[in-house]
Amino acid sequence: QRVDCAIRIGELSDSSLVGTRLADNQRVVVASPHYLGRAGTPQSPHDLKHHECLSLAAHSGQNRGWLFRIDGQTQAVRIQGSMACSDGSVLHAWCLEGFGLAWRSLWEVRQDIQDKRLVTVLDTFRAPPSGIFALMPERRLTPPKGRGLIDWLKYHYQRPDYWLA
């Protein structure tokens, strides 16, 4: 079975696939006000070792840690917690329920932040955005339909109001 195009969130590792950057993906650490009231608010990424951190399962890439800007460098900080899953919507629900902190894409939690169901923490340590990429086997053989899809995604993903919907 052949795949013409795949979408990946996160920086690309060395690969034989050709990537086209569609948009930036900003991640934030969020928690419910209930969790923060009970457990306190971390003041630095190193404080995460004293918190329940909700994570995606090992195959998600989060096993390297959550990325932060510390002393001018982007660094991965290993997190710990007793709850991990393979479904981002489950992790989001756990965070809303007050089970711990989560490292989520801003487009995923923006409405919850605006509605005060979630609060961002560690904003001064926020790492630069990573990318959202379209991946293709090779550029020169991209069929017109694939090129059209990529152009359409680029156009919509790069509009700030797209992520507010």
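The values are calculated or read from the model by the stated rules, or taken from the named source; none is laboratory data. Worth saying up front: this structure is predicted, and the values here are computed from it rather than measured. In this analysis, Cβ positions are derived from the backbone assuming ideal geometry, glycine residues included, and neighbour counts consider all displayed protein chains. Surface accessibility is based on the protein's heavy atoms, side chains included, excluding ligands, DNA and RNA. Shrake-Rupley method; radii C 1.70, N 1.55, O 1.52, S 1.80 Å.
Highest GNM mean-square fluctuation among T120, T74, T142, for the chain modelled with Cα contacts below 10 Å: T142.
Cross-link reach is defined here as a Cα-Cα straight distance under 30 Å, omitting same-chain residues fewer than 8 places apart; for K145 the lysines meeting it are K154.
Charging the Cβ of each Asp and Glu at -1 and of each Lys and Arg at +1, and nothing else, the dipole of the chain about its Cα centre rounds to 360 debye. For the chain, modelled as a GNM whose springs connect Cα atoms under 10 angstrom apart, the maximal fluctuation among A76, A127, A93 occurs at A93. Residues of segment 36-54 falling in the label zone of R126, defined by backbone nitrogen less than 17 Å from a point 7 Å along Cα to beta-carbon, are 42-45. Restricting segment 80-165 to GluC sites (Glu not before Pro) that sit in a DSSP loop and have at most 14 other Cβ atoms within 10 Å of their own Cβ leaves E97, E138. Calculated from the structure at hand, Rg/Rh (Cα atoms, Kirkwood Rh) is found among [x] 0.93; [y] 1.01; [z] 1.09 as [y]. Here the gap between V18 and H34, fully extended at 0.36 nm per residue and compared with their Cα-Cα distance, gives a gain of 1.4 nm. Backbone amide hydrogens, once placed in the peptide plane, bring L22 within less than 5 Å of I132, F133, A134, excluding anything fewer than 5 places away on its chain.
Note on segment 84-165: Cα Rg divided by 2.2 N^0.38 Å, N the number of residues, gives 1.42. Ranking C53, Q111, S15 by how far each Cα lies toward the positive end of the dipole of the chain (charges on Cβ) leaves S15 at the top.
Tell me, in nm to one decimal, what length is gained between R147 and H46 on full extension, where the rule is 0.36 nm per residue of separation less the Cα-Cα distance? Before the final figure, lay out each step's value.
Values: separation 101, 0.36 × 101 = 36.36 nm, distance 4.35 nm.
Here the segment from R147 to H46 would lengthen by 32.0 nm.
Remark: the chain carries 59 Å² of accessible area per residue (probe radius 1.4 Å; ligands, DNA and RNA excluded). With contributions of -39500 (n - 2.57) from each DSSP H run of at least four residues, the per-residue ellipticity at 222 nm computed over the chain stands at -7000 deg cm²/dmol.
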